[in-house]
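The values are calculated or read from the model by the stated rules, or taken from the named source; none is laboratory data. The structure displayed is predicted, hence computed values, not measured ones. FYI the Cβ positions are ideal-geometry reconstructions off the backbone, even for glycines, and counts take in every protein chain you see.
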Amino acid sequence: MKAIRVHQFGGPEVMRLEEIPDPVAGPGQVVVTVKAIGVNPVETYIRTGTYATKPNLPYTPGNDVAGVVKEVAAGVTSVKAGERVYSSQTLSGAYAELSLCNAISVHPLPDNVSFEQGAGVGVPYGTAYRALFQRGGAKAGETVLVHGASGGVGTASAQFARAAGLTVIGTAGTENGMKLAKEQGAHHVLNHSSQGYLDEVMKITQGEGVNIILEMLANKNLANDLNVIGKHGRIVIIGNRGSIEINPRGAMAHEADIRGVMLFGASQEEFHAMHAAIFAGLAAGTLRPVVGQRFALADAPKAHDAVMQASGAHGKIILLP
């Protein structure tokens with residue numbers, strides 16, 4: 001099969017399309033014929049070698065795939081060959097024509113969801129659910145500020161929050177991004193490229209501040225988040241690209257929490273809950289993955305360049321084998 005391989009850490013150019021042996025399902029495993037692959041920012045950090053954990057070289061990047069089950073190991077009963085599935089925890093990597101997965105990490109993909117959409121489910125929707133509900137403790141009637149509401153995690157967060165009865169304030173950096181955030185469930189949309197845009201948050205909340213902030217770029221926004229968080233509010237850090245100096249008095253004044261989120265820090269019970277919620281939302285149509293850009297598998301370096309653009313995120317970036 002063809003797969004992207006990384007033999008040394010570095011820039012996007014270290015990813016190369018190569019021919020490698022097909023994976024074979026061992027005990028408790030399945031092989032998926034990959035129809036579409038989701039590209040996530042964390043994969044760019046891992047590729048550079050600057051992420052908290054480093055894979056052994058060489059490796060195939062990625063975790064999000066959607067496709068059809070090709071092979072099932074003896075004893076696996078949760079899925080069958082020929083079924084449409086998605087996964088966010090591959091064993092052999094996602095940027096390939098075939099992917100080896102633990103059967104427990106493979107989930108059914110409803111018929112009303114395309115493979116391209118399915119490739120945008122695992123990490124973005126799992127992260128959004130974990131950040132909003134499992135770490136953020138979101139409740140109906142609360143107000144959430146979603147920074148970067150036009151990206152993969154941002155649109156998922158807006159859809160989840162809207163369906164759960166929260167008031168959603170989204171931000172984006174372009175007119176198209178703002179339009180998309182509105183379409184995906186945000187009640188109010190602000191341009192985070194505009195000076196003083198957070199003043200609008202306080203106007204919308206009548207000076208009370210928001211209950212929850214989903215923060216996609218903490219190194220840029222965290223200090224200002226403390227100015228708009230409400231009493232007993234929760235700032236949930238989903239993304240970060242560096243250090244930042246903050247004044248802790250902002251947290252003290254509001255008795256606010258700053259909480260980190262790591263998708264793969266979830267317990268098996270938490271994973272079961274998030275994927276049950278995801279399937280229900282996909283099947284009902286309240287969750288609608290948005291595909292922004294598509295690249296051929298060989299163009300994985302271009303996809304990494306695109307996913308790291310600081311502004312203008314518009315849906316999910318997908319690779320097609």
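TYR86 satisfies every condition listed in (1) outside any helix (DSSP H, G or I); (2) of a type in the set (Phe, Trp, Tyr); (3) over 17 Å from THR33 (Cβ atoms) except (3). If we only count strands (runs of 3 or more DSSP E) wholly inside region 149-249, which ones have 3 or more residues that are of a type in the set (Val, Ile, Thr) and under 20 Å from the mean Cα position of the chain (by Cα)? Of the strands (runs of 3 or more DSSP E) lying wholly inside region 149-249, those with at least 3 residues that are of a type in the set (Val, Ile, Thr) and under 20 Å from the mean Cα position of the chain (by Cα) span 167-172, 229-237. Here region 49-64 is the region considered, the condition is being at pLDDT below 95 and over 19 Å from ASN102 (Cβ atoms), and the residue that is surrounded by the fewest Cβ atoms within 10 Å (Cβ to Cβ) is ALA52. LEU109 fulfils the conditions (1) outside the structural domain of VAL72 (by TED's automatic domain parsing); (2) in contact with a helix residue (DSSP H, G or I) (Cβ under 7 Å, 6 or more places away or on another chain); (3) at pLDDT 95 or above except for a single criterion, (1).
Of the residues making up region 166-178, at least one is under 18 Å from VAL307 (Cα atoms) and touching a helix residue (DSSP H, G or I) at 6+ places or on another chain (Cβ under 6 Å). Residues that are outside the structural domain of GLY177 (by TED's automatic domain parsing), out of contact with any strand residue (DSSP E or B) (no Cβ under 9 Å at 6 or more places or on another chain), assigned to a helix (DSSP H, G or I) and modelled with pLDDT under 95 do not occur anywhere in region 306-313. Restricting ARG241, ARG249 to residues that are among the charged types (D, E, K, R), modelled with pLDDT under 95 and more than 28 Å from SER105 (Cβ to Cβ) narrows the list to ARG249.
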